[in-house]
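Please read the structure below before turning to the comments.
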Amino acid sequence: MCPHNWLPTTRSEMRELGWDSCDVVLVSGDAYVDHPSFGTALIGRWLESLGYRVGIVPQPDPARASDFLELGRPRLFVGVSSGAMDSMVNHYTALGRRRSDDAYSEGGRAGLRPDRALLRYVNAVKAAMPGVPVVIGGIEASLRRLSHYDFWSDSVRKSILLDSKADILVCGMGEKAIAEVAARIGSGAPLFGIRGTAVYAGEAGFDYSDPGLGESAILPSHEQVSSSGSEFMKMTRMLERESSPWNARTLLQCADSRIVAVFPPQLPMSTEELDLVYALPFARMPHPRYREGVPAFDMISCSITAVRGCAGGCSFCALGLHQGRDVRSRSEESVVSEARTIAATDYFGGTITDVGGPTANMYGLGCSSPDAMMSCRRPSCLFPSICPRFRRDHSAYGRLLGSVAAVKGVRHVFVSSGIRHDLAALDPAFCEQLAREHVGGHLKLAPEHSSGRVLKLMRKPGWECFREFRRDFERRSFELGREQYVLPYVMAGFPGGSQEDMKRLSQDLVREGLRPEQVQLFLPTPMTLATAMYYTGLHPDTGERLFVARGDSRRRQLEVLRALPPRPRT
């Protein structure tokens, strides 16, 4: 295929486009796959649609300045991301072992991005292109926007904005913010007050009444949260309360006399805006520079993102913190159009592997009361119970799945990105359709645990809810003449969970005749409430001490579940 189908990655590709320079250069820790599931490609195509010349430098070597200068100095700025994953999560297991592969690299090879990639890349950019503004974004930047516990160094680190000395940090899904950043840099306007961003605001003692701040809240300082567990938990709870784009205040935090300002989240994209983003001219393939495949692309090549955001508010999940709690869905026409595009590709085999998002069956759902949404500060719409204002009718999602299935060339449409079974159970018609048409033998669910106490800390529905949904699903499947089963995902080592809790979970699984599809050892990732529990050892609501499995006790909890007998034959 012609290189013109991709954003340029080399000077020769720029020359073929007739460019002498780029307006924006995006540096990424991932291989360049021009597909909307890859953040660098999505932001690149979005900026391109706004009239900017955008180039991409994928997986540069921080020790080689020439890698960063491949496309020359951009007119506006360099945008830096570690890729689709935090680089430390990408590199290390929850037991601290180095991973042997990297799904976001050519051939799945590990080692093509550095540890703490964001810091290394920004340092390299500043050395190679002094004076060029640097914008950081992606999940590694987003979840390290303020002081945060870093599991890999077992320490509280400052905002990555201060450590990297970048000019501005874009939080969350950044289309609106990055468009404003580009416009302001182009006009010479200050980068202050942009929703969905964090900036260095000055030294301690500056004017907190600055109108550019809007209504603000002062967080415990870095020195306080790094020396006091209760202050760290206080900061984390404040972050949760100030996470809604409709009522959040600007957050201010002092570290070593320097102040970081995090402005309220950008307003979520409308259905029409999402449709525009996903209709951009993606090549939907890895760049031709790669001779081997990129495993992450192989996994998502025939899947469709239909919904953004998650209202679940699980205490361990970073996706809701990054994408936001407000659920936003694409139109049926937009999703069907993408299905037609996939069906026309050479690699399509007849199966749309997923139509979903962070939680697939939240498509078309969300808060039914705009007035209530403006003042609501609940961290979860589903816990401790499902908010009465949260829509529960799955008919829009059911119609969407049916419409995608009707696309010429599509034989199967599956739901594989996970569903909230407590929500799905409220709509028997959807459960019937799911069992009849959209499961390829196994339905993956995430009960996570069976202990009511641990599940409350996780903000997950109870074990009995899972049991009832599983039995209903398998009964429906049997009546339909389909041999289909539920595969559970469970978690070991969660704060507050003891070895005895793991043994009881093991017994509960055996009694149900279940063996987990995946046993996950809790990994404390920056900014989540569960990570605050792990670091502080405190119950987030009562302040009481929690048991926290560390070191060998984490491994022992994992071994309890790994020792489960094979699933019995039926």
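Read-outs: derived from the displayed coordinates by stated rules, not from any lab. Remember, predicted model here, so these are calculated numbers, not experimental data. A quick note on method: Cβ atoms are made from the backbone with ideal geometry, for glycine too, and the neighbour counts reach across all protein chains shown.
Assign unit charges at the C-beta atoms only (+1 for Lys and Arg, -1 for Asp and Glu), then state the dipole size of the chain relative to its Cα centre in Debye, rounded to the nearest 20.
1080
Hand me the chymotrypsin sites (Phe, Trp or Tyr not before Pro) from the range 330-400 located in a DSSP loop with no more than 13 other Cβ atoms within 10 Å, in residue order please.
Of the chymotrypsin sites (Phe, Trp or Tyr not before Pro), the ones in loops of the range 330-400 whose Cβ has at most 13 other Cβ atoms within 10 Å are 347.
Could you tell me which of rounded, prolate or oblate describes the range 500-570, using a ≥ b ≥ c as the square roots of the eigenvalues of the alpha-carbon gyration tensor, with rounded for a/c under 1.5 and, failing that, prolate when a/b is larger than b/c and oblate otherwise?
Details: a/c = 2.46, a/b = 2.27, b/c = 1.08.
Judged from the Cα gyration tensor, the range 500-570 comes out prolate (a/c at least 1.5, a/b above b/c).
Provide the gained length on full extension for the span residue 223 to residue 385, in nm with one decimal, where the gain is 0.36 nm per separating residue minus the Cα-Cα distance.
54.7 nm
May I ask which residue of 425, 398, 370 lies farthest towards the positive end of the charge dipole of the range 302-440, with charges of +1 (Lys, Arg) and -1 (Asp, Glu) on Cβ and the Cα centre as origin?
370
If you put +1 on each Lys and Arg Cβ and -1 on each Asp and Glu Cβ, how big is the dipole of the range 302-440 around its Cα centre, in Debye rounded to 20?
I would put it at about 260 debye.
Rounded to the nearest 500, what is the chain's calculated 222 nm mean residue ellipticity when only DSSP H runs of at least 4 contribute -39500 (n - 2.57) each, over all residues?
Helix-only estimate at 222 nm: -9500 deg cm²/dmol.
Rounded, prolate or oblate: pick one for the range 302-440, where a ≥ b ≥ c are the square roots of the eigenvalues of its C-alpha gyration tensor, a/c under 1.5 means rounded, and failing that, prolate if a/b is larger than b/c, else oblate.
Judged from the Cα gyration tensor, the range 302-440 comes out prolate (a/c at least 1.5, a/b above b/c).
If N is the number of residues in the chain, what value comes out of its Cα radius of gyration divided by 2.2 N^0.38 Å? Could you put the intermediate results ahead of the total?
Details: Rg = 23.5 Å, N = 570, 2.2 N^0.38 = 24.5 Å.
The reported ratio for this selection is 0.96.
Whose amide H sits under 5 Å from the amide H of residue 492, counting only residues 5 or more places off or on another chain, with H placed in the peptide plane?
When sequence neighbours closer than 5 places are left aside, the close amide H contacts are 520, 521, 522.
Calculate how many DSSP beta bridges within the chain are antiparallel, expressed in % of all such bridges and rounded to the nearest 5. Walk me through the numbers before you get to the answer.
On the way: 23 of 55 bridges.
The answer is about 40 percent antiparallel.
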